[in-house]
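To start, the structure itself, in C-alpha cells.
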Amino acid sequence: MIYWTAIDPEAEEGGIYRANLDGSNVETLIAEPEHSIPFSLALDVAGGQIYWTAWTAIDPEGFAEEGIICRANLDGSNVEALIAEQNIPGFLALDAAGGQIYWTATEGVYRANLDGSNVETLITGMEEAAVIVLGP
C-alpha cells in the first residue's frame, strides 16, 4: 500500500490517505486529524500503526507555529495524540524493534518511546532540522 499526506495550509486542513501500489482504491484514512495538518508519516507494519507529525497552529503567512505527533491503527481507527511539541515537529522515523520514534523539530532531533513517553532531546543547536533517516 501507498500512504501519504495532503495538506492545504491556506485552508488549515489536511488528511492521511492510502491506495494500492498501482494507485487504485484510494481511501481517506483520517480527514483533518485532531484539527491539525498532517505532514510526515512512518509505518509500523508489524505493530499495525501509522505515526505522523502534524501542525496544529498556522500563522497568517501559512507557516506552522506548533505541532504534535500522533498515531492510529493502519486502517485509520483509534487516533491518539502522543506528543505535544512546542517546537514544530517535521519529519519522523521509527525504530519499531527498539520501541522508539525519532523526529526532527525546529532546532533539533528528538526521540521518545512509541507510546509518546520518555521524550529525549538528542541534538540541539541546529538552525532548522529537516529529514531524518535511521541506519545501521
**Message:** Test of understanding: what is the full-extension gain from MET1 to LEU122, defined as 0.36 nm times their sequence separation minus their Cα-Cα distance?
**Reply:** 40.4 nm
**Message:** For GLU107, what residues show an amide H to amide H distance below 5 Å, using hydrogens built from the backbone and excluding near sequence neighbours?
**Reply:** ALA129
**Complete:** Quick note, the stretch 69-108: a/c under 1.5 would make it rounded; otherwise a/b > b/c is prolate and the rest oblate (a ≥ b ≥ c, C-alpha gyration tensor); here it is oblate
**Complete:** Expected unfolding gain across ALA96-ALA31 under the 0.36 nm per residue rule, minus the alpha-carbon gap, is 20.9 nm
**Amide H within-cut-off set for PHE39, under 5 Å, with H built and near neighbours excluded** = THR53, ALA54, TRP55
**Request:** With label points built 7 Å along Cα→Cβ from the Cα atoms of LEU21 and LEU41, find their separation and express it in nm.
**Result:** 1.6 nm
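Taken together, the values in this text are just the output of simple stated rules run on the coordinates, not laboratory data. Just so we're clear, the structure is a prediction, and the values are computed from it rather than from any experiment. So basically every Cβ, Gly included, is an ideal-geometry build from the backbone, and we count neighbours across all protein chains shown.
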